[in-house]
Amino acid sequence: MKISWWLSPGEAVWSIFIRLSLAGVFIPEGLQKLTHADILGTGRFTKIGIPWPEFFGPLVGWLELSAGILFLVGYASRVAALPIIVIMLVAILSTKIPILLGREWGIFSLRELDRYGFLSFTHETRTDWAMLMGALFLLFSGSGRWSLDNRFARKTWPSGKGKRP
């Protein structure tokens, strides 16, 4: 039986470091969006200008928490990377593009900073960019050697026909 590309561990030996980095950000951030919704979830989404913040605040919290746990154990990391990529793109568009422009952008508000423009944009975007690149890496490379995906991919079938292809 052939394993799906989405669950294949890939060949990246050191993916564990990217996975731990993403898990270390998204597990606590997702949890805080759920436990401190007024500050980091629904309340923040309302201030930013995200439509339907009562829906998207908890949804993003659960997606971040779930993806972070999947990254941590290395299971379905390619699948988990997809919502994270979307979340990071929306974060950049909704909160960082107004900083680049120095004004509100569409429905998205501009937060108070000491400076605006390209350098402020690059400074404020650094974490979002790192998380986006990490998620893209896992999407294309997989969970790697030290992962549940790798363990399941190499599992011996009970029929005695050897390792799973």
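Each value in this text was obtained by applying a stated rule to the coordinates, not by laboratory testing. Given the structure is predicted, the values throughout are model-derived calculations rather than measurements. Note: ideal-geometry Cβ built from the backbone for every residue, glycine included; neighbour counts use all protein chains shown.
Name the residue farthest towards the positive end of the dipole of the chain from the options Trp62, Ala81, Phe108, assuming +1 on Cβ of Lys and Arg, -1 on Cβ of Asp and Glu, about the Cα centre.
Value computed over the given set: Ala81.
Below 8 Å, C-alpha to C-alpha, sequence gap of six or more: please give me the relative contact order for the range 5-153 in percent.
Over the range 5-153, the number comes to 37 percent.
Applying the Karplus parametrisation 6.51 cos²θ - 1.76 cosθ + 1.60 with θ = phi - 60° to the phi angles of the range 121-131, what ³J(HN,Hα) value in whole Hz is obtained for each residue in order, glycine and proline being reported as x?
Once θ is set to phi - 60°, the couplings for the range 121-131 become 4, 5, 5, 6, 8, 4, 5, 4, 5, 4, 5 Hz.
Work out how much length Val13 to Glu112 would gain on full extension: take 0.36 nm times their residue separation and subtract the Cα-Cα distance, in nm to one decimal.
Details: separation 99, 0.36 × 99 = 35.64 nm, distance 4.26 nm.
My answer for the length gained is 31.4 nm.
Which residue, Phe137, Phe55, Phe71, has the most motion in a Gaussian network model of the chain that connects Cα atoms within less than 10 Å?
Phe55
For the range 7-121, count all C-alpha to C-alpha pairs, find those more than 24 Å apart, and express that count as a whole percent of the total. Could you put the intermediate results ahead of the total?
Values: 2281 of 6555 pairs.
Above the 24 Å cut-off, the range 7-121 has 35 percent of its Cα pairs.
Applying the Karplus parametrisation 6.51 cos²θ - 1.76 cosθ + 1.60 with θ = phi - 60° to the phi angles of the range 26-40, what ³J(HN,Hα) value in whole Hz is obtained for each residue in order, glycine and proline being reported as x?
Values, residue by residue: 7, 5, x, 5, x, 4, 5, 5, 8, 8, 10, 4, 5, 9, 10 Hz.
Do the sum for the chain: with -39,500 (n - 2.57) for every DSSP H run of n ≥ 4, divided by all residues, what is the mean residue ellipticity at 222 nm, to the nearest 500 deg cm²/dmol?
-19500 deg cm²/dmol
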